[in-house]
1. Out of the strands (runs of 3 or more DSSP E) lying entirely within the range 185-293, which hold 3 or more residues that are out of contact with any helix residue (DSSP H, G or I) (no Cβ under 8 Å at 6 or more places or on another chain)?
2. Can you pull out every residue in the range 267-288 that is exposed (fewer than 13 other Cβ atoms within 10 Å of the Cβ) and farther than 18 Å from residue 86 by Cα?
3. For a quick check of your reading of the model, give me the residue pairs whose first member lies in the range 97-117 and is farther than 20 Å from residue 140 by Cα, whose second is within 16 Å of ligand 2 (Cβ to nearest atom) and not aromatic (Phe, Trp, Tyr), with beta-carbon atoms closer than 9 Å and at least 6 apart or on different chains.
4. Could you say whether any residue in the range 97-104 is within 23 Å of residue 273 (Cα to Cα) and either within 13 Å of ligand 1 (Cβ to nearest atom) or under 16 Å from the mean Cα position of the chain (by Cα) (or both)?
5. Quick one: which of 236, 254 is of a type in the set (Gly, Ala, Ser), modelled with pLDDT of 95 or more and closer than 21 Å to residue 203 by Cβ?
6. On the basis of being surrounded by 22 or more Cβ atoms within 10 Å (Cβ to Cβ) and either aromatic (Phe, Trp, Tyr) or in contact with a His (Cβ under 6 Å, 6 or more places away or on another chain) (or both), does residue 104 make the cut?
7. Looking at the range 180-198, is at least one residue surrounded by 20 or more Cβ atoms within 10 Å (Cβ to Cβ), under 12 Å from the mean Cα position of the chain (by Cα) and within 16 Å of ligand 1 (Cβ to nearest atom)?
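The values are calculated or read from the model by the stated rules, or taken from the named source; none is laboratory data. Just so we're clear, the structure is a prediction, and the values are computed from it rather than from any experiment. Please note: Cβ atoms are built from the backbone with ideal geometry, for glycine as well, and neighbour counts cover all protein chains shown.
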Amino acid sequence: MVAPPRHAKVKKGMKKRAATSRTSMKTRVRKITKRRPRSVPKNFQKKKIQEYVKTGIEGLDQLLDKGIPRGSSVIIAGGAGSGKTIMCLQTIYNAAKDGKKVLYMSFEETEERLLDHMKAFGWDVAKLPNRKDFVVKMCSIYDITRLLEAMMAKAEGDLMIDINPIMIPKGFKPDIVVIDSVTAIASAFQGKDTYRSYIENLFRYLQREGVTSFMITETEEVPTVFSPTGVEEFLADGVIVLYSLRKGDIRQNAIEVLKLRGASHMKKVVAMRVVSGVGIEVYPEQEVFGDIK
Ligand SMILES: Nc1ncnc2c1ncn2[C@@H]1O[C@H](COP(=O)(O)OP(=O)(O)OP(=O)(O)O)[C@@H](O)[C@H]1O
Ligand SMILES: [Mg+2]
């Protein structure tokens, strides 16, 4: 008689136990390898570190606390001569000094004029670490109209996501864009609906590209609506208002950070001034005399 193979002598229960212990070992190994090392916080990889953009204007940065969350779109609203252009030029000059790439889109003033204006305040683009990082682009209403036609043609089939709605020069990837002004763009559109679809696309585009933007809007001296249709201020992440207040014969400029998503900021109207050779100065502790309703 042939002897049975050795393993046949192993009792059923023993086999099962061995199999079970093999499985649990596998599971344990898997569990151990899956487990995170204790020193790494749970959401370490998921959590994005929020970066902030500073304006470099001391008093304004105090109002803004940590700064403007990178990638935000911020409306800069104010009446004629309230300092919108100067404030934005000063901010992007400071950013360019810090190595950021900036683009200023102007519909009203030429590049030459703007650069001369800046020089008068001591902001000489020739002195920047990289002159090519500071781009001023003069745009015409016709350019925008042409663009609109292209967008409308594209809209027939698809979302207009691959249209660059502000004609950022090819090959230039700005960190900050200023649009001076959204009000000028709005005036190029005949119908409100076409402008709305354009502006929604513009916000979407800037958000997708992660660009921090300042969109200038022309308003009343003491505005209650901060954009051409009143919708833009809801689409925007932030609204900064420049007031021109009057008491008797005297006018005083004031500034307020009205809203800024995802950031803490001071909620008060404070005095500001355009100072020759210096630029915008903001006084966070100084009350203003006018009534703002
Ligand atoms: N060199 C300077 N020194 C002092 N103040 C100046 C100087 N240049 C301009 N300003 C002040 O700044 C104001 C203009 O600022 P800015 O051009 O930024 O205004 P704005 O809000 O862009 O005006 P607009 O709506 O006309 O475009 C002037 O009305 C003047 O009061
Ligand atoms: Mg201006």
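1. It comes to 238-247, 250-260, 270-275.
2. Answer for the range 267-288, where residues must be exposed (fewer than 13 other Cβ atoms within 10 Å of the Cβ) and farther than 18 Å from residue 86 by Cα: 267, 285, 287.
3. Sorted first by the residue in the range 97-117, then by its partner, the pairs are 100/92; 117/85; 117/86; 117/89; 117/109.
4. yes
5. 236
6. yes
7. no
Conditions tested, residue by residue: (1) within 22 Å of the chain's Cα centre (by Cα); (2) within 16 Å of ligand 2 (Cβ to nearest atom); (3) not small (Gly, Ala, Ser).
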residue: 217; (1), (2), (3): yes, yes, yes
residue: 228; (1), (2), (3): yes, yes, yes
residue: 240; (1), (2), (3): yes, yes, yes
residue: 246; (1), (2), (3): no, no, yes
residue: 253; (1), (2), (3): no, yes, yes
residue: 278; (1), (2), (3): no, no, yes
